[in-house]
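Read through the structure below, which is laid out as structure tokens, and then see the notes.
FYI, it's all coordinate maths here, none of it is from the lab. Being a predicted model, the structure only gives us computed values, none of them experimental. Here Cβ is always computed from backbone atoms with ideal geometry, including for glycine, and neighbour counts include all displayed protein chains.
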Amino acid sequence: MKKKRKAERTVMDDILYRIDGVKDGAGKRLKRKLKKVIKHKRSKHSRTAHRIHREYKISHRTLFYMKEYSAKSNVPLKIIKESWKVLVLTAVLSSLGGLRLTYIRENIVTIMPLLIVMPALMDMVGSFGTITSSKFTNMLFFHMVTKRWWKSRELQKLFIILFVAAIAASLFIGFMSNILAYWMGFPASSSIMVKVLMITIITAVSLFGIIFSVSVIVGMYLYKKKMDPNNFLIPLTTAIADLGSLLIFSALVVLMF
Amino acid sequence: MESKTLKEILTAEFLSVCGGLIAGTLLSAAIDKLYLLPAIFIFLPGFLEMRGGISGSLAARLTSGLFVRAIKPEIKKSRILYGNIIAAILLAILVSSCLGIIASVANFAVFGEFSLRIVFVAVIAGVVSSTISIPLTVFAVFYFFKRGNDPNNIIGPYVTVTGDIISILSLLAAVMLV
């Protein structure tokens, strides 16, 4: 019980310490308001929190953290409750991709560059999803993209930059997987090398196209609805990248080998 | 401006794919052991993704806590820090168990082969990988914060690189144990 009280004081006291008003008695008023904010339901808009933010210049992030991890909250339980659904959903989606991969396991095991390139390809496409979503959301917030998004110079520049990066990164992993496989004792073959390179480039470019289109269309829609695209776009594009990379990779392996 | 953005994106991409390439090389070196395990290919992509999801969000939560001064950058008894570590370990066990069960059920439904071995391997690999990667993530966040860097900018590629390698090594350890 004592431990809990101490933890609450660390966040709240820190806020009170930073406010000059604490010396002339205004601190007590602020403390009452902070306790009120902790009690508020998260789903409802808290006017008190907004007032504290305006009057005392305390950021929303600090208030949010104080509310979420106050003395009364069970930290591990809260984190698990909020995270498990999205993590299990990602696990299901990845397993679907993995199921497709099982059909080509003979190819993956016998052609070593394919096995080496697979985790790197998944990482690369996943981080493209995150980069595209967060950059596009930033553009929306800074009004760099309007309703006629296809005419936006900034968006065109972003497309070119990401396209170049996708080609460069896929060439890099394609070459490196072949070099590493050769180093591990896999016999060098120009036809396998070209096929692996084609698989990485086609997978990266096609998924980049899908992710970019989804980010723009869904992002514009969410922004129009006055929602923060950050909260939805990154999990969406990452899920598309995870499942899509395995599906396209498997289809190309079947086609080429 | 454009070349700077391209350079930043390429650096982040380069770092994250390097971890993937190392993981792939380790995987190919040990494929003869892993191949014998039923449903391994159904389980593997989810297991590789899991580390980033759990350690990445742990790092983001700790960074927010450091910035709002709810957490101090030192390994000291703190309710929020311990709560985050416990939650990350429990989530890793929960998600890896789910992955093992899904892989086992899917393997039975599609290929007609039933084996619970993948479930045990999944749980052990989840425990081993979280025991290594979670403390590493906490130390890395505190280290970068103390150095004056914003861990948000650095920890993403760090988690991807270390996560992939640790996941493959712990999977191998689990296969050898079961």
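Peptide A:162-169 shows a mean partner chain C-beta count of 4 within 10 Å per residue C-beta. Projecting the Cα atoms of B:Ile118, B:Gly83, B:Pro151 onto the charge dipole of chain B, computed from C-beta unit charges around the Cα centre, puts B:Gly83 farthest toward the positive end.
Using the Karplus relation 6.51 cos²θ - 1.76 cosθ + 1.60 with θ = phi - 60°, the per-residue 3J(HN,Hα) values for region B:123-131 come to 5, 5, 4, x, 5, 4, 5, 6, 4 Hz, with x marking Gly and Pro.
Longest exposed-loop-site-free stretch of chain B, with GluC sites (Glu not before Pro), DSSP loop and at most 16 other Cβ within 10 Å? Display every interim value, and only then the final one.
On the way: sites that count: B:Glu74, B:Glu113.
Longest site-free region, per DSSP loop and neighbour criteria: B:1-73.
Quick check on packing: order B:155-162, A:188-195 by the mean number of other C-beta atoms within 10 Å, highest mean leading. Could the numbers behind the result be given before it?
Numbers: B:155-162: 22.1, A:188-195: 13.9.
Result, highest mean first: B:155-162, A:188-195.
Any idea what % of Cα-Cα pairs in region A:129-200 are farther than 22 Å? Roughly 44 percent, rounded to a whole number.
Quantify how strongly other chains surround peptide A:123-130 by giving the mean number of their Cβ atoms within 10 Å of each of its Cβ atoms. Don't skip to the end; give the middle numbers.
Numbers: counts 18, 6, 0, 6, 10, 3, 0, 4.
The per-residue average across the peptide is 6.
Shielding value for B:100-111 is 3, the average number of Cβ atoms from other chains within 10 Å of each residue's Cβ. Across region B:9-25, computed HN-Hα scalar couplings (Karplus, 6.51 cos²θ - 1.76 cosθ + 1.60, θ = phi - 60°) run 5, 5, 5, 4, 5, 4, 4, 5, 6, 4, x, x, 5, 5, 4, x, 5 Hz from first to last residue, x flagging Gly and Pro.
Over region A:81-182, Cα pairs under 8 Å with separation of 6+ residues give a relative contact order of 34 percent.
Evaluating 6.51 cos²θ - 1.76 cosθ + 1.60 at θ = phi - 60° for every residue in region A:207-221, the Karplus couplings come out as 5, 4, x, 5, 4, 5, 5, 4, 4, 5, 5, 5, x, 4, 5 Hz, glycine and proline recorded as x. A DSSP coil position with no more than 10 other Cβ atoms inside 10 Å describes the following trypsin sites (Lys or Arg not before Pro) in region B:1-84: B:Lys76, B:Lys77. Tell me the trypsin sites (Lys or Arg not before Pro) within region B:98-178 that lie in a loop according to DSSP and have at most 10 other beta-carbon atoms within 10 Å. In loop regions of region B:98-178 (DSSP not H, G, I, E or B), the sparsely surrounded trypsin sites (Lys or Arg not before Pro) are B:Arg147. Summarising the label geometry, the points placed 7 Å from Cα in the beta-carbon direction at A:Trp183 and B:Leu136 lie 1.8 nm from one another.
For n ≥ 4 DSSP H runs only, could you compute -39500 (n - 2.57) per run for the protein assembly as shown, divide by its residues and tell me the 222 nm figure to the nearest 500?
Values: 16 runs with 357 residues, N = 435.
That comes out to -28500 deg cm²/dmol.
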